Each structure stands twice: as structure tokens, then as C-alpha cells.
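The values are calculated or read from the model by the stated rules, or taken from the named source; none is laboratory data. Please read these numbers as outputs of a predicted model, since none were measured by experiment. Cβ placement follows ideal geometry from the backbone for every residue including glycine, while neighbour counts extend to all protein chains displayed.
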Amino acid sequence: MQRVKKDPYAALRIKEFNIFLIIRFVLIFGWSMQFIIIEWQVYSITKNPLSLGMIGLMEVIPAVSMALFAGHIVDQKEKRNLFALCIGLFSIISLGLFLLTWPTIVSDWSTKTVLYSIYGLVFFGGFLRAFFSPTVFSLIALIVPKKLYPNAATWSSSTWQMASVLGPAFAGFSILWIGVHWSLSIVFFLVIFSFGLVFLIRKKPILNPKIGEPIFQSLKEGIQFVYKTKAIFGAITLDMVSVLFGGAVALLPIYAQDILKVGPQGFGALRAAPAIGAFLTMFITAYIPISKNAGKKLLFAIFGFGVCIIVFGLSTIFWVSLLALFFSGVTDGISMVIRQTILQLKTPDHMRGRVSSVNSMFVGSSNELGAFESGFTAKLMGTVTAVVFGGTMTLITVITTGIVSPSFRALDLRKDLEEHEKEESLI
């Protein structure tokens, strides 16, 4: 046990996990890149800021409404093939967007036809997104031993963070160099590449003993499990609140242009700061165990995140704002790894799809809702007040959780890891 804990590369010594990380990086890189390119294209043909908001709305509606049903289906199906099916359908979306930006189509079709076609594919992508999250969450648990879940969560989260930073950055340069149309061809190539790699992962057993269970009974069981398991419910709640009220990133253009007055270069630095902080921290957590006193560490991390958001909101000095955003990424990176570890260790194999779907339904949609909350409160009470309000709500939630839930405060994952190691030694 002790030897595994000291090995920061333990999960990376599993060949299938390395293949999975490559696929995850390529898909997130491509998805992030595609989203930025489509935003650029939609605004270019409409010149209407509302059309940008519609992109997020078209994606989040099917993603949230289908989340629970997707979790039920994932728990009933073989995960490798389901992952391959999701990637294959994603390739159809990418190909469709590539064709919709073909110069001939853009010039021959009406703006409304092109726009609504793009919205349609984005809507289909939101539907697909509902299946991706529980499938990926379930597949990780079947690739790595349970005793390596914390280490696997660190590398998986780091891969996601790096891809979600590099994808949009590369998209900006790609639009400049080769244009929207051929940039989308790169996305299509990346998706096809990941589709080929997925078959290097072996098919996995279906561990759900209730195959064919009525769907509404299955969904009820999943929701009840999340609510009754205080560690999971607390982790999801804290994550949702920090994302919902800590959405200062949505207001960065206002800070860069009107408050800090640092122009596009400063805006780029501010936008990158939290992602860099999160990535570096998650890399470091591969060397530092987070299973001991996990509950307290998660509460302190999210409390620190709230403090950073407040400091950023009040700052009028560029380097102070930059550091505040960097450390908001540091604290968010710590909490992300702990939350994923809690979900992996506390979720039974036969319920991983449903638990992940509940998590993605509340937490995933919080990104879009958080951006809306930030914009609405900024309009209502002013930009600075809105950011400080969000950070303060995060602090209040953390303090309240720590007071009313002593069991979450005392959460320690070492016993869970020891139990899982004993189970695997008997197999």
C-alpha cells in the first residue's frame, strides 16, 4: 500500500490507461477547439451577441435533460463499445460543421439556414455530451485498480485541464492561419484518430446485476444513492456552488477593458492564469497524497477559491488580479482531484453511470448557469459587486457545509483505499 502511494506514475504504468488519456486529451482538445471556432463563425455571420448565448443554450438543454437517462443506459451497456459509439457520433457532428462552413454552402445558403443548421448540430452535441461524462467516468474505474483511483483521477483531470486550455488557444491561431473551414477539418481528423485508438482498449464486463431494470426505478435508485451518500452529495454540492457563484471568468472582458485597462494581451494572460494554476497543482498532487483528511482539504480548497475570487473582484492592480486568478486555479485544481477521487471511491461499480450523470447534470450545467449568473448580477449590481457577491456566496456555502455536516468535515479516504486493496488481493 505504502509503495503504491509513493509512486506518482502508478496509473501511467497501465497501458490501457495511457491509451485512454491520449483519447481523452484528443477529444477534449478537439471539442474545445470546435466550440471556439463555431463561436467565431456564428458571430461573423450574425454580428449579434445573443447568437453566442444561443450556442451555449442549445448545448446545455439536451445535456441536462438527458443526463439521468444517459446514466441509466451507461450502467446497462458495455462501456468500451459505448465510448466508441459516442466518438463515432461526435465525428458526424464534426463532419457536419466542416461541411456547413464550406465556402460554396456559406455563399449559396441563407444566413438563417446555415445558422439553424449549426444550432441543430450543437444541440445534437449536447445530447451526446450527456452520454460522454458517465461513460468516461465508468470506463476509468474498469481500466485501473481501485487502489489507484486517486492517482488516476489526478492524471485524468490534468489531461482534461491541459486539453481544455490548449484547444481554444490553438483554435485562435488556426482560424488566423487557415480559416474556419479548414480548422474544422483538423477537429474532424482528431476525432477519427481517437475513434481508431479506442479499439486498443479491451471490452469491459458489465457489472450491473440489474440488467433490464425499469428505467424510472433505476433513476430513482441513483438519485437516492447520491442524496443518502453524504460524501458524494457534499462534493457535488460544493462543486456546483463554486462553479455557479465563482464564474468571474465570464466577466474577464469587462475587467480587461474597463477596470484594469490591459487590452487584449492582458485579457489573454488573465484568461490563462486559472488554467495554468489548476494544471500545475494537479500535476503536483500526483506526488502528494490527498486521501488523508480529504473532507477538510476539500473545504479549505474551495474556501481559498472563494477568497481568490473576492480578491480578484476588488483588485484594480493587474499583477494582483493575475495572482488571484492563478491561485483560484490552484485551489480549484486541488478540489477537482479530491472530488473526482471521492466519486470514484464511494460509487459502486453498478451505479457509476447514474452517479456521474447526476454530477454532470448539476455541475456541468453550472458552467453555463454560472456565466449567466455573473452577467445578470453584474447588470443588476455592478461588475465588482457581482464578483465579490459570488465569492462571498462560495465562502458562506463552505462554512455552512463544514458546520452542518461534521461527517463530511471528518471524511478520510484512506480506509476506502485499504478496503479496495484488500478486495483486489482476494480476487
Do we have any residue at all in segment 138-145 that's touching a Gly at 6+ places or on another chain (Cβ under 9 Å), of a type in the set (A, V, I, L, M) and touching a residue at least 24 places away in the same chain (Cβ under 8 Å)?
no
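Among the residues of segment 115-137, what is the count of those that are farther than 21 Å from Gly88 by Cβ and either without any contact (Cβ under 8 Å) to a residue 60 or more places away in the chain or surrounded by 20 or more Cβ atoms within 10 Å (Cβ to Cβ) (or both)? If you could, list the steps in order and put the result at the bottom.
The first filter runs over segment 115-137 and keeps only residues farther than 21 Å from Gly88 by Cβ, leaving 115-116, 119.
Within this subset, residues satisfying the condition of being either without any contact (Cβ under 8 Å) to a residue 60 or more places away in the chain or surrounded by 20 or more Cβ atoms within 10 Å (Cβ to Cβ) (or both) are 116.
Result for segment 115-137: 1.
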Answer from Gly172, Gly167 - the residue that is surrounded by fewer than 19 Cβ atoms within 10 Å (Cβ to Cβ) and either among the basic types (Lys, Arg) or modelled with pLDDT under 85 (or both)
Gly172
Quick check on my filter: what residues within segment 37-95 are at pLDDT 80 or above and either among the charged types (D, E, K, R) or not assigned by TED's automatic domain parsing to the domain that holds Gly167 (or both)?
Glu59, Asp75, Lys77, Glu78, Lys79, Arg80
On the basis of being in a helix (DSSP H, G or I), surrounded by 22 or more Cβ atoms within 10 Å (Cβ to Cβ), small (Gly, Ala, Ser) and at pLDDT below 80, does Ala275 make the cut?
yes
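Quick test for you: out of Ser374, Ser328, Ser360, pick the one residue that is modelled with pLDDT of 85 or more, touching a helix residue (DSSP H, G or I) at 6+ places or on another chain (Cβ under 9 Å) and buried (at least 22 other Cβ atoms within 10 Å of the Cβ). Reasoning before the result, please.
Numbers: Ser374 fails: modelled with pLDDT of 85 or more; Ser360 fails: modelled with pLDDT of 85 or more.
Exactly one residue qualifies, and that residue is Ser328.
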In segment 86-114, what residues are hydroxyl-bearing (Ser, Thr, Tyr) and either surrounded by fewer than 18 Cβ atoms within 10 Å (Cβ to Cβ) or not in a helix (DSSP H, G or I) (or both)?
Thr101, Thr104, Ser107, Ser110, Thr111, Thr113
Need the failing condition index for Ala294 against (1) under 30 Å from Ala11 (Cα atoms); (2) among the hydrophobic types (A, V, I, L, M, F, W, C); (3) surrounded by fewer than 22 Cβ atoms within 10 Å (Cβ to Cβ); (4) over 19 Å from the mean Cα position of the chain (by Cα), just the number.
(3)
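Go through the residues of segment 292-306 one by one and say whether even a single one is more than 20 Å from Thr394 (Cβ to Cβ) and in a helix (DSSP H, G or I). Don't jump to the end; show me each part of the working.
Of segment 292-306, the ones more than 20 Å from Thr394 (Cβ to Cβ) are 292-293.
Narrowing the set further to residues that are in a helix (DSSP H, G or I) leaves none.
The answer is no, given that none of the residues of segment 292-306 is more than 20 Å from Thr394 (Cβ to Cβ) and in a helix (DSSP H, G or I).
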Can you name every residue in segment 71-85 that is in contact with a Lys or Arg (Cβ under 9 Å, 6 or more places away or on another chain) and crowded, with 22+ Cβ neighbours inside 10 Å?
Gly71, His72, Val74, Asp75, Lys79
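Conditions (1) touching a His at 6+ places or on another chain (Cβ under 8 Å); (2) modelled with pLDDT under 90, marked per residue:
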| residue | (1), (2) |
| --- | --- |
| Ser138 | no, no |
| Ala141 | no, yes |
| Pro150 | no, yes |
| Ile201 | no, no |
| Pro209 | yes, yes |
| Ile223 | no, yes |
Restrict the check to segment 234-254 and report whether at least one residue is among the aromatic types (Phe, Trp, Tyr) and more than 21 Å from the chain's Cα centre (by Cα).
no
Based on this model, can you work out whether Val398 counts as modelled with pLDDT of 85 or more, surrounded by 14 or more Cβ atoms within 10 Å (Cβ to Cβ) and farther than 17 Å from Phe303 by Cβ?
no
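Pick from segment 377-392 the residues that are surrounded by fewer than 18 Cβ atoms within 10 Å (Cβ to Cβ) and either touching a strand residue (DSSP E or B) at 6+ places or on another chain (Cβ under 6 Å) or in a helix (DSSP H, G or I) (or both): which of them is modelled with the lowest pLDDT? Walk me through how you get there before you give the answer.
Taking segment 377-392 as the starting set, the residues that turn out to be surrounded by fewer than 18 Cβ atoms within 10 Å (Cβ to Cβ) are 379-382, 385, 392.
Keeping just the survivors that are either touching a strand residue (DSSP E or B) at 6+ places or on another chain (Cβ under 6 Å) or in a helix (DSSP H, G or I) (or both) gives 379-381, 385, 392.
Values: Lys379: 74, Leu380: 79, Met381: 82, Thr385: 87, Thr392: 91.
Going through the qualifying residues, I end up with Lys379.
For segment 181-236, what are the residues that are of a type in the set (Ser, Thr, Tyr) and within 23 Å of Ser164 (Cα to Cα)?
Selection gives Ser183, Ser185, Ser194.
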